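Here's the structure we're looking at; comments come further down.
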Amino acid sequence: MKALILNSGLGHRMGVLTSEHPKCMTEITNKDTILSRQLRLIAEAGISEVVMTTGYYNEILVNYCRSLGLPLHFTFVNNPLYDKTNYIYSIYCAREYLYGDDIVLMHGDLVFEEQVFERVIKSGESCMTVSSTLSLPEKDFKAVIHGGRIEKVGIEFFTDAMAAQPLYKINADDFKVWLDEIVAFCESDNRKCYAENAFNKVSDKCKIFPLDFADSLCAEIDTPEDLAVVSEKVRELESRTVYMCFSTDMLHSGHIAIIKKAAKLGKLTIGVLSDEAIASYKRFPLMPYEERRSLFENINGVAGVVEQKELSYAANIRKLRPTFVVHGDDWREGFQKPIRDEVVEVLAEYGGKLVEYPYSNDEKYKELEKASRAQMSTPDFRRSRLSKLIAMKGCVSALEAHSGITGLIAENTKVLRDGKTYQFDAMWISSLCDSTAKGKPDIELVDMTSRFRTIDDIMEVTTKPIIFDGDTGGLTEHFVYTVRSLERMGVSMVIIEDKTGLKKNSLFGTEVAQTQDSIENFCAKIAAGKAAQKTREFMICARIESLILEAGMTDALTRAFAYVKAGADAIMIHSRKKDPAEIFEFVEKFRTEDKTTPIVVVPTSFNSVTEDEFKERGVNVVIYANQLTRSGFPAMQKVATTILENRRAKEADDMCMSIKEIITLIPEE
Ligand code: SPV
Ligand code: MG
């Protein structure tokens, strides 16, 4: 494609502004003239060939173009009769350079927005810029449109017409038709009219379609008044700012394309979502914030990068007050919708605009996301995630899972509240629930091979880190093998409790005979486990049963410090009281001496305490240990009873999830 710029005229109406150079060299901002702006946009659009007709101040114009240092090849064609002819004759003079190419044609006094220009050159059909919103000008061009095509262009048409500007993209075949007619005009001495007069004769064969620029900038500068208006508009365009936020850790061509588009709207600032915000709504980021930030800092067109701490854009929008916020249109529906609604509200506070581009559902991008999920479910990646999440969030939550389907519930359940998304960080493989699912008592009866089978079922369909309830850990000689097996599988943490002999569930408390292990023995078990482990991130958590077995706070604390000293990576303190007081007391006393070792709690009984309060008090892991089992089994019992009572399933139907819904829980490969 070649650009053809018509610059043979002087522009008498500009007065002193054209006393030393042609009109196109008039400054419109402190960094651009009309011409330098046109040429810059042409070069940025990847067009390298420029044919320019000249006349007045020919030499000044040629030197000026060359001085701009743009990657453009110029062919200057001087119209020797510039003061006696119109630009139809300039085009005639340049004809030998114009056949055979698509041409983007513009008058030298035209100023337009980059977006308008981009649409023009990307148009598949030959087109001319028109405006559906501007009123018809008295003296300037209007285009008569019939059957969707431009039939005539001139200043004299007011019926079926739209305001039009001399910015065209004409395909080679169409341009040949027009150019042949221009040649015919000029060779029959018809040189003082507009080139459009020739077009009007052949518009049935030279098919030009209107391209509506509506209110965008596309205007000729004829007078100092025009100059003032257009300069102001250009300044406004150039002061525009754009904000986008990214959570991605895999930059692909789709992201780059949208960034490039956004950068064309104004000075672009990218918000990079914090690790915590990403983990809360999507998945654990493969790359930490700092690395993601530097990815964006190094993209052409990105003027600045800031952190966006939450899913909500509100804080950053209020701070940056961007002219535009850019996003894919996928957030109009689904869980991101409230975030979008808030963006619209905040932008309305100062007149900012939301620009949405069609979301690319390209299969290759889906494949990339699938690949990163697959990576996250690999043992090495999954194992290390729990400690990273604790470090990132301070306090994480885990939900019990005892099968593939309960694992999927723990994996996929999300809640959006107050602009924040909540999901569970990890899964707890409870001995109680694993045993219950198998119809067995929670007395270390279900052997490790079977427990590992449960882990495997869950791991196969999920990506979140796993905390394994290791009961007492068994014999130290056996525990070391368990540790290695668990780390090999990708489990993040095993919790072993300081009991010995026949273990019963802690929630029986002292109602059944249970024996606490000696500090010495249990420390030896912890130390052996730590010595056996092969990876750095695998965590062994020591669970203290002193409060359950009513051995007192001092015993609990003594054991906690001893277990940490023996190598425990975390401490779990358990209680079966409804009142959380003894848990709070333990946490407070432990934290006065140990600020860093993670504390784990299982608030089955003391369930009135929120995660936020636990976090505030210094707890790091909150495990919801049995709620899926306790809710699932009664529901099943009730359905079974209802079917028996009615001798049919109809009455139970309302208690059941539809087959369609249950199917959607299972992701398709
Ligand atoms: C389990 O879930 O199996 C536990 C926690 O060990 S508790 O049932 O509270 O003992
Ligand atoms: Mg248990």
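What the Kirkwood sum gives for segment 177-232 is a hydrodynamic radius of 13.9 Å, with every pair of different alpha carbons counted. For a straight C-alpha distance cut-off of 27 angstrom, the lysines reachable from Lys525 (same-chain residues fewer than eight places away being disregarded) are Lys388, Lys440, Lys499, Lys503, Lys504, Lys534, Lys565, Lys589, Lys595. A DSSP coil position with no more than 13 other Cβ atoms inside 10 Å describes the following trypsin sites (Lys or Arg not before Pro) in segment 151-219: Lys192, Lys205. Values of log10 I(q)/I(0) for segment 1-146 across q = 0.10, 0.19, 0.20 Å⁻¹ run -0.35, -1.32, -1.44, by the Debye formula with one identical scatterer at each alpha carbon and no solvent. Taking 14 Å as the cut-off, the amide N atoms of segment 309-330 that come nearer than this to a point 7 Å along the Cα-to-beta-carbon line of Glu356 belong to 325-330.
Going from the alpha-carbon gyration tensor of segment 278-398, what semi-axes, largest first and in whole Å, does one get by taking the root of 5 times each eigenvalue? Provide the component values of the computation, followed by the final result.
Numbers: eigenvalues 162, 65, 51 Å².
The equivalent ellipsoid of segment 278-398 has semi-axes of 28, 18, 16 Å.
Extension gain for the segment Lys578 to Ser485, taken as residue separation times 0.36 nm less the Cα-Cα distance, is 29.9 nm to one decimal.
DSSP H helices in the chain with Cα extent of 15 Å or more along the helix axis and mean Kyte-Doolittle hydropathy at least 0.0?
34-44, 172-187, 253-265, 337-348, 519-532, 553-566
In this structure, Phe74 and Val344 have a Cβ-Cβ separation that, at R0 = 56 Å, corresponds to a calculated FRET efficiency of about 0.75. Cβ-Cβ distance of Val306 and Arg536, R₀ of 45 Å, FRET efficiency by 1/(1 + (r/R0)^6): the value works out to about 0.85.
Using equal-weight Cα scatterers in the Debye expression, the normalised intensity of the chain in log10 at q = 0.09, 0.11, 0.12 Å⁻¹ is -0.82, -1.05, -1.20. Looking at segment 1-151, the accessible area is 42 square angstrom per residue; that uses a 1.4 Å probe and ignores ligands, DNA and RNA.
Working from label points 7 Å from Cα in the Cα-to-Cβ sense, the Glu333 to Leu251 distance is 3.1 nm.
If r is the Cβ-Cβ distance from Ser132 to Tyr422 and R0 is 51 Å, what FRET efficiency results, to the nearest 0.05? Efficiency at R0 = 51 Å is approximately 0.65.
When both segment 447-521 and segment 610-630 are represented by their alpha-carbon centers, they are found 19 Å apart. Extension gain for His146-Phe209 works out to 21.7 nm (0.36 nm per residue, less the C-alpha to C-alpha distance).
Ordering Met162, Ile208, Met128 by Cα displacement along the dipole of segment 100-211 toward the positive end leaves Met162 in first place; charges were set at the Cβ atoms of Lys, Arg (+1) and Asp, Glu (-1). Under the combined filter of DSSP loop state and at most 13 neighbouring Cβ atoms within 10 Å, segment 61-155 retains these chymotrypsin sites (Phe, Trp or Tyr not before Pro): Tyr99.
The average projected area of segment 529-669, computed from the convex hull of its Cα atoms over all directions, is 13.5 nm². Given +1 at the Cβ of Lys and Arg, -1 at the Cβ of Asp and Glu and no other charges, the dipole of the chain around its Cα centre is 1080 debye to the nearest 20.
Taking the Cα centre of segment 2-226 as origin and assigning +1 to Lys and Arg Cβ atoms and -1 to Asp and Glu Cβ atoms, the resulting dipole is close to 300 debye. Global dimensions of segment 127-231 from alpha-carbon coordinates: Rg and Dmax equal 14.2, 40 Å.
Cα centroid separation, segment 263-326 to segment 331-369: 14 Å.
How do Tyr359, Tyr194, Tyr481, Tyr365 stack up against each other in accessible area, from largest to smallest, with a 1.4 angstrom probe?
Tyr481, Tyr359, Tyr194, Tyr365
Taking GluC sites (Glu not before Pro) across segment 1-66, the ones in a DSSP loop with at most 10 further Cβ atoms lying within 10 angstrom of their Cβ are Glu20. Distance from the C-alpha centroid of segment 404-442 to that of segment 142-199: 70 Å, rounded to the whole angstrom. Diffusion of segment 58-210 by Stokes-Einstein, at 20 °C in a medium of 1.002 mPa s and with Rh set to the Kirkwood radius over alpha-carbon pairs, works out to 131 µm²/s.
Counting residues in segment 232-340 as N, plug N into 2.2 N^0.38 Å and put the Cα Rg over that result.
Compactness ratio reported: 1.06.
Between His12 and Arg373, the distance separating the two model label sites (each 7 Å from Cα on the Cα→Cβ line) works out to 7.2 nm.
The values are calculated or read from the model by the stated rules, or taken from the named source; none is laboratory data. Given the structure is predicted, the values throughout are model-derived calculations rather than measurements. As a convention, Cβ positions derive from the backbone with ideal geometry for all residues, glycine included, and neighbour counts pool all protein chains shown. Ligands, DNA and RNA are stripped out before the accessible areas are found, and what is left, the full protein with its side chains, is counted by its heavy atoms. Shrake-Rupley method; radii C 1.70, N 1.55, O 1.52, S 1.80 Å.
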